[in-house]
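Trainee: Supplied in structure tokens, the structure appears directly below.
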Amino acid sequence: MLDQPWTGAPLCALDLEGTGAQDREREAILEVATVPIIGGSPDMAVAYESLVNPGRPVPQRRWISPGLTDDVLRQAPDPKLVGTELDKRVSGRYLVGHNVAVDWRLIHLHYPDLRPVGLIDTLRLARATRLDGSKSLGALLGRFDLRSRVDELVPSGRPHRALWDAVAAALLLAALIDSGEPPVRSLRELIGVAAIPLDPDPHPDSDELTLF
């Protein structure tokens, strides 16, 4: 399995929006999205996104999207229902995200029984390619001229919403691999340059608050 082309591997882009790491063990998930990566591209036909009812008021913080209000979230699905859907889409796959440790820490906190195979971090991959300039998600999307493609695939989305960011990470993965040296061809090579441990990091990367 590890020697198969990376484009044939069971990959799934993941993004969460939460109340913020400042809440520590009380941090709530507000929105989640998963997008399978098939043949190196996001498969929008089976993408999943959902708001999540946090069960409490959401503090007003600058990084929380204006669309994630108490009135909207109050009508969102219960976290248990979302967890059932996530299990179908996450277990047995490699999760892909930009600074994915942040998302994994939170999703593992709320859904400890989810069993992905591993984590692929596009931030780590970007650092391995030795590109100049910022490695934030926004800067890298600009570098590879991907913003318009994300907008095309997620016409009702925007940065800092789960589906938009998940699709952005999926597209960025392929762009980084294409630009990398030495080239990444197999899943084994991708894991070698971009995988991070599944053990949740209690001190997530400082780039958490600078995705854009």
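Trainee: Using the reciprocal of the averaged 1/r over all distinct C-alpha pairs, how large is the Kirkwood radius of the range 1-75 in Å? Spell out each step's value before the answer.
Mentor: Details: mean 1/r = 0.0700 Å⁻¹.
The Cα-based Kirkwood calculation yields 14.3 Å.
Trainee: If only Cα atoms are counted, what is the Rg of the chain, and what is its Dmax, in Å?
Mentor: 16.1, 49
Trainee: Still on this structure: Relative to the longest principal Cα axis of the chain, at what angle does helix 100-110 sit, 0 to 90 degrees, rounded to 10?
Mentor: Between the helix axis and the principal axis of the chain, the angle is about 40 degrees.
Trainee: Can you give me the Cα centroid spacing of the range 1-43 and the range 46-61 in angstrom?
Mentor: Their Cα centres are 16 Å away from one another.
Trainee: Compute the normalised compactness of the range 137-177: alpha-carbon radius of gyration over 2.2 N^0.38 Å, N being the residue count. All intermediate terms of the calculation are to be shown ahead of the outcome.
Mentor: On the way: Rg = 9.0 Å, N = 41, 2.2 N^0.38 = 9.0 Å.
Relative to the 2.2 N^0.38 Å estimate, the range 137-177 comes out at 1.00.
Trainee: Neighbouring Cβ atoms within 10 Å as the yardstick, rank Lys135, Lys80 fewest first. Could you put the intermediate results ahead of the total?
Mentor: Values: Lys135 20, Lys80 9.
Neighbour counts put them in this order, fewest first: Lys80, Lys135.
Trainee: Kindly list the residues of the range 100-127 that lie in the label zone of Arg147, defined by a backbone N under 20 Å from the point 7 Å along the Cα-to-C-beta vector.
Mentor: 123
Trainee: Let me ask another. Which stretch or stretches of the range 139-178 have amide N atoms under 19 Å from the point lying 7 Å from Asp87's Cα along the Cα→Cβ direction?
Mentor: Residues passing the 19 Å test: none.
Trainee: How would you rank Ile37, Ile120, Ile177, going from fewest to most other Cβ atoms within 10 Å of each one's own Cβ? Don't skip to the answer; put the middle values down first.
Mentor: Values: Ile37 26, Ile120 29, Ile177 21.
Ordered by Cβ neighbours within 10 Å, fewest first: Ile177, Ile37, Ile120.
Trainee: In addition: Before rounding to the nearest 500, sum -39500 (n - 2.57) across all DSSP H runs of length at least 4 in the chain and divide by the residue total; then give [θ] at 222 nm in deg cm²/dmol. Let's see the in-between values first.
Mentor: On the way: 8 runs with 74 residues, N = 212.
Result for the chain: -10000 deg cm²/dmol, rounded to the nearest 500.
Trainee: Could you please rank Trp164, Trp104, placing first whichever residue has the fewest other Cβ atoms within 10 Å of its Cβ? Let's see the in-between values first.
Mentor: On the way: Trp164 22, Trp104 25.
With the sparsest Cβ surroundings first, the list reads Trp164, Trp104.
All of the numbers you see were taken from the coordinates with simple rules; none came from a lab. The model shown is predicted, which means the values in this text are computed figures rather than measured ones. Ideal geometry is used to build each Cβ from the backbone, glycine not excepted, and the neighbour counts take in all protein chains shown.
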